[in-house]
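Just below is one structure, and these are the notes that go with it.
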2 protein chains.
Amino acid sequence: LIGAEAIIRTLVAGGVDTCFVNPGTTEIHLVAVLDRLTETRCILALFEGVITGAADGYARMAEKPAWTLLHLGPGFANGLANLHNASRAQIPMINVVGQHATYHIRRDTPLTADIEGLARPYSKWLRTICSAAEAGFDVAEAICASQRMPGNIATLIVPSDVSWSEGGAVATIPASTKAPRPATETVERIAGLLRSGVKTAILLGGNTLYGKGLQAAGQVAQATGAKLLAPYPLTRLERGAGTPDVERVHYILEAAKEQLKEFRQMILVGTVAPVAYFAYPNKDSTLTGPECAIHTLAGVGEDCAGAMQDLVEALPMPVNPQHAVANIVQRRPMPSGKITTAGLADAISALMPENTIVVDESMTSGRELMPSTKLAPRHDWLGNTGGAIGIAMPLALGAAVACPERQVLCLSADGSGMYTVQALWTMARESLRIVTVIFANRVYGVLKREFSFLGTGPIGPRAADMFDICRPDLDWVMLARGMGVPASRVTSLEEFSNALINAFQSGGPSLIEVLL
Amino acid sequence: LIGAEAIIRTLVAGGVDTCFVNPGTTEIHLVAVLDRLTETRCILALFEGVITGAADGYARMAEKPAWTLLHLGPGFANGLANLHNASRAQIPMINVVGQHATYHIRRDTPLTADIEGLARPYSKWLRTICSAAEAGFDVAEAICASQRMPGNIATLIVPSDVSWSEGGAVATIPASTKAPRPATETVERIAGLLRSGVKTAILLGGNTLYGKGLQAAGQVAQATGAKLLAPYPLTRLERGAGTPDVERVHYILEAAKEQLKEFRQMILVGTVAPVAYFAYPNKDSTLTGPECAIHTLAGVGEDCAGAMQDLVEALPMPVNPQHAVANIVQRRPMPSGKITTAGLADAISALMPENTIVVDESMTSGRELMPSTKLAPRHDWLGNTGGAIGIAMPLALGAAVACPERQVLCLSADGSGMYTVQALWTMARESLRIVTVIFANRVYGVLKREFSFLGTGPIGPRAADMFDICRPDLDWVMLARGMGVPASRVTSLEEFSNALINAFQSGGPSLIEVLL
């Protein structure tokens, strides 16, 4: 077996079979193996930022490691911004990155780069394979490392002579170690705090925002009246009718402080105490009030869903009917007239199919989306976890690959969308069931708002030129069609609703440009 | 003075006045200063890979430091692939990268990243500013570092509290140290080698490929009959009628070996001995023959143009008329009929205006371009120096900003073009005189060729799916128009020539999609 085959067969043996790829010369032996091994699915993207974002979306929904195949230092570097987001999402991902032949690196040819240096900031596990004989073993370790709670990025650098040399063997994947559950005393102590009658918030992270973890969190809330919160950077939140009510912490510092000021204690589950995104002159970044005590049920890396289930056991049940989960779908009425962000949110609430995966990078245009869809049919909500813009379309792509039977609704700001616009092409190529809505306000709205916070007076024309992305206006219909995605532009809420109905019915990719 | 103002005023004092920018919240105080300081020109791009590539193009043509302003770790990371190319181009560049407030970093909020770690692989000089008081001084040092021969990337990380705090001062820029010239004995020794009558090549790097350096190189060649060569990765080559004949080393290993086999000695000037891009099983990567002795006139970081001038002094002049420079423009005749890569090259030779800046990332479609334009009117040729694809349109953008009076001709493969397609928008916004030609062969041609080298038989459908970028076809006319750039598609050489004539006459940006 050549090294390349040992690598890919070991990945497949570990259940890692979906490869988001943009290969180059140093990966050509891996490509030749992928050409033959039909157990794998390879999805090409025209830019690596699409690949890493798609891998993130795949891992969030498939709940198993995503796999990328990237070309040397620069190809890998192109994927870094969405790796930043993925590292904050704490999902399992394995990057296989080509490298020059071991003996060629010292020749310092044009594509030579410090790949390990580039990979270190976002790789929890990092290794350059030394020989074909070790390749399978290294892949097995990478798989284990990626799956260690809460989910990690593992980067495996593969010199081309490792790929093409004989002597490889498929390695067996060691059983993954279970994440530790908090000690009984910790659970008892938190249960005691919840019974104290003090106004309490539980800030949910990791796998307590969907599935069994969320179900347990809902039981705790029902039994104790504690408020369930999610951090602003949202990996995956299951919501809609029949799910416990979880409120997201606001992005804006003042709004978040207002939202959190009533709580006297906060229980952290797989997350950290909420802090403002950015620092501002003479403002405190801590979002909880000074009288709010912070306690931890489970830290990052512990079995959070398990911890919530333990907490349920430790609390008096049955539920307090006052805190019962609302189980009936309540869509917003169909809106009409001039486009408003509230109207758009209502149309989405009115029309989104059961089980939709909503990917949200709507930025300043999306304020009303979560309130409007609170009691829509059950759905998952994926957000931007690391603040690196350009995640929405790649994330949607990966989620759609992981869940082909579900509708994906990708909500993107126009400024963010341009970062990884190449994702549209892969959506078309793979005929993915993704409706992309572009909120075309033609401005970096966050920056305009931040400038106004400075208190230095109105925005001058030179700063405005760094915020406004009109001049020329982007034509998203042409951009989408240029990459093979059917598209339309809407200028009223009726048009938006009709476009949304048609898009959902099409069963394939489409794009709607909303002029705000 | 707040730190932000000290930073920008010191940059301006150092002659660094053109800022390629995509700012974020942590850079908002810098933006507020740029809003007021009209000595600066700010050019917005919708993706940072465009920014770093444009800065590279600007520095190559303006021969002074380029300046970028980027948002935190992920914004900077998006620019890394073209920084890889810029680091290989050895041009002066200053990256100003925002950072959280010093006291906010430890809060580890979503956008927190190891910016120094991300910057280290491609920054020859790297510093995080500690206080407003030191900001001006640090900028002055960055300017000096960037200009140290042969030109370096300097990265300056600016915490937001450094930007907003009072106590800054504009620093004076120290006189830059001149690069050392080789010792007299070295020049004499090389002159002796050149007089020996042995078949000799001079491999030119750095600033010996244009201007005074090239002129001196031409004199040496005329006096000695030595062959002038340029490395395949080309920062900037002045060529066309009236310039010395410089041959580029071939990309393909076998072709390069054939090209270089006749030489018995090679003189290096600011470059290293030529090596194949990639290693291949059982093939030697060294491109010169085993009997070719390698000598160095000037190393990277020495004054190469000065060294060439010293060499001219040390050699017997006047020129040997046999080696005189061809001074008469010889355009190729206008081609017609079906599109061929040779025909396209001839049309470009027939039509390119005097003083054009040609940016070449035509990849496998561009083989005939350099031979066809050898005696075209004088022009500069900028290439991909580091092999990270997606450089052409950004590079063209930066070159056009540096030289608004000159025509820029951007020759891009379709696969490469998609990497930084957002550059088109900035071309339109700034009304730049750039004609972009897309060679739409709808395939990653290099990879197809590399696969065939494997000798493992024909390309299967699964590998073909990783090479072919049809399905769906990209529509470059729509993509360009979607970003405000007039565009047309051509399917014959007559159509191409007409489109080229119109595009050159327009004086603004345009795109021609050539279906191959």
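The single condition among (1) closer than 15 Å to A:Y122 by Cα; (2) open to solvent by less than 10 Å² (accessible area, probe 1.4 Å); (3) among the charged types (D, E, K, R) that A:R60 does not satisfy is (1).
Among the numbered conditions (1) facing chain A (nearest Cβ under 8 Å); (2) under 24 Å from B:A45 (Cβ atoms), the only one that B:A480 does not meet is (1). Scan the range A:229-242 for residues that are buried (at least 22 other Cβ atoms within 10 Å of the Cβ) and in contact with a helix residue (DSSP H, G or I) (Cβ under 7 Å, 6 or more places away or on another chain) and jot them down. If the condition is that a residue be buried (at least 22 other Cβ atoms within 10 Å of the Cβ) and in contact with a helix residue (DSSP H, G or I) (Cβ under 7 Å, 6 or more places away or on another chain), then A:P233, A:T235, A:R236 are the ones that fit. On the stretch given as the range B:456-472, residues that are open to solvent by 70 Å² or more (accessible area, probe 1.4 Å) and either closer than 23 Å to B:G366 by Cβ or more than 7 Å from chain A (Cβ to nearest Cβ) (or both) total 2. When A:L297, A:L315 are screened for being crowded, with 20+ Cβ neighbours inside 10 Å, in contact with a helix residue (DSSP H, G or I) (Cβ under 7 Å, 6 or more places away or on another chain) and more than 14 Å from chain B (Cβ to nearest Cβ), only A:L297 passes. Scanning the range A:55-65 finds one or more residues that are among the aromatic types (F, W, Y), more than 13 Å from every other protein chain (Cβ to nearest Cβ) and not in a strand (DSSP E or B). Which residues, counting only those in the range B:283-308, are part of a loop (DSSP other than H, G, I, E, B) and closer than 20 Å to B:T200 by Cα? Listed by number, the residues that qualify are B:L287, B:T288, B:G289, B:P290, B:E291, B:C292, B:G299.
Residues in the range A:379-399: is at least one more than 16 Å from the chain's Cα centre (by Cα) and either closer than 28 Å to B:C470 by Cβ or touching a residue at least 60 places away in the same chain (Cβ under 8 Å) (or both)?
no
Only a single criterion out of (1) farther than 25 Å from A:R489 by Cβ; (2) more than 9 Å from every other protein chain (Cβ to nearest Cβ); (3) open to solvent by less than 60 Å² (accessible area, probe 1.4 Å) is not satisfied by A:E450, namely (2). Can you pull out every residue in the range A:454-490 that is hydrophobic (A, V, I, L, M, F, W, C), under 29 Å from the mean Cα position of the chain (by Cα) and not in a loop (DSSP other than H, G, I, E, B)? Within the range A:454-490, A:M466, A:F467, A:W476, A:V477, A:M478, A:L479, A:A480, A:A487, A:V490 meet the criteria. Against the numbered list (1) crowded, with 24+ Cβ neighbours inside 10 Å; (2) hydrophobic (A, V, I, L, M, F, W, C); (3) out of contact with any Cys (no Cβ under 8 Å at 6 or more places or on another chain); (4) not in a loop (DSSP other than H, G, I, E, B), A:V33 comes up short only at (1). Return yes or no: is B:L351 open to solvent by less than 10 Å² (accessible area, probe 1.4 Å) and either touching a helix residue (DSSP H, G or I) at 6+ places or on another chain (Cβ under 7 Å) or in contact (Cβ under 8 Å) with a residue 40 or more places away in the chain (or both)? Taking the combined requirement at face value, the residue does not satisfy it. Kindly indicate whether B:T491 is open to solvent by 30 Å² or more (accessible area, probe 1.4 Å) and either in contact with an Asp or Glu (Cβ under 9 Å, 6 or more places away or on another chain) or free of Cβ contacts under 8 Å to residues at least 40 places away in the same chain (or both). No. Between residues in the range B:21-41 that are within 7 Å of chain A (Cβ to nearest Cβ) and closer than 21 Å to A:Y280 by Cβ and residues that are open to solvent by 10 Å² or more (accessible area, probe 1.4 Å) and hydroxyl-bearing (S, T, Y), which pairs lie under 8 Å by C-beta distance while being six or more apart or on different chains? Cβ pairs passing all conditions: B:T25/A:Y277; B:A32/A:T456. Of all the numbered requirements in (1) away from chain B (no Cβ under 12 Å); (2) open to solvent by less than 10 Å² (accessible area, probe 1.4 Å), A:S163 misses one, and that requirement is (1). If the condition is being of a type in the set (G, A, S), away from chain A (no Cβ under 11 Å), more than 20 Å from the chain's Cα centre (by Cα) and open to solvent by less than 10 Å² (accessible area, probe 1.4 Å), then the range B:82-132 contributes only B:A132. Check whether at least one residue in the range B:5-13 is facing chain A (nearest Cβ under 10 Å), basic (K, R), surrounded by fewer than 23 Cβ atoms within 10 Å (Cβ to Cβ) and more than 16 Å from B:A81 (Cα to Cα), and report yes or no. Checked the range B:5-13: no residue is facing chain A (nearest Cβ under 10 Å), basic (K, R), surrounded by fewer than 23 Cβ atoms within 10 Å (Cβ to Cβ) and more than 16 Å from B:A81 (Cα to Cα).
Among the residues of the range A:477-486, not a single one is closer than 24 Å to B:T26 by Cβ, open to solvent by 10 Å² or more (accessible area, probe 1.4 Å), hydrophobic (A, V, I, L, M, F, W, C) and in contact with a helix residue (DSSP H, G or I) (Cβ under 8 Å, 6 or more places away or on another chain).
Check the range A:399-411 and report whether any residue there is within 14 Å of chain B (Cβ to nearest Cβ) and under 20 Å from A:G484 (Cβ atoms). Within the range A:399-411, not a single residue is within 14 Å of chain B (Cβ to nearest Cβ) and under 20 Å from A:G484 (Cβ atoms). Each residue in the range B:342-372 was checked for being farther than 15 Å from B:S497 by Cβ and either part of a loop (DSSP other than H, G, I, E, B) or touching a Gly at 6+ places or on another chain (Cβ under 8 Å) (or both), and 13 pass. No other residue among B:I173, B:I190 is open to solvent by less than 70 Å² (accessible area, probe 1.4 Å), under 27 Å from the mean Cα position of the chain (by Cα) and in contact (Cβ under 8 Å) with a residue 24 or more places away in the chain apart from B:I173. Tell me, which residue of the range A:261-271 that is closer than 11 Å to A:I202 by Cα and in contact with a Gly (Cβ under 9 Å, 6 or more places away or on another chain) is farthest from the other protein chains (Cβ to nearest Cβ)? Result: A:F263. The listed residues are A:A179, A:A183, and the only one of them that is of a type in the set (A, V, I, L, M, F, W, C) and open to solvent by 40 Å² or more (accessible area, probe 1.4 Å) turns out to be A:A183. Look at (1) open to solvent by less than 10 Å² (accessible area, probe 1.4 Å); (2) within 12 Å of chain B (Cβ to nearest Cβ) and you find that A:L253 fails only one, number (1). Which condition from (1) under 17 Å from B:I157 (Cα atoms); (2) under 24 Å from the mean Cα position of the chain (by Cα) is the one that B:F47 breaks? Single failed check for B:F47: (1).
The values are calculated or read from the model by the stated rules, or taken from the named source; none is laboratory data. Only a predicted model underlies this, so the values are computations on that prediction, with no experimental measurement involved. Every residue, glycine as well, gets a Cβ built from its backbone with ideal geometry; the counts of neighbours run over all protein chains shown. These accessible areas exclude ligands, DNA and RNA; they are computed on the full protein's heavy atoms, side chains included. Shrake-Rupley method; radii C 1.70, N 1.55, O 1.52, S 1.80 Å.
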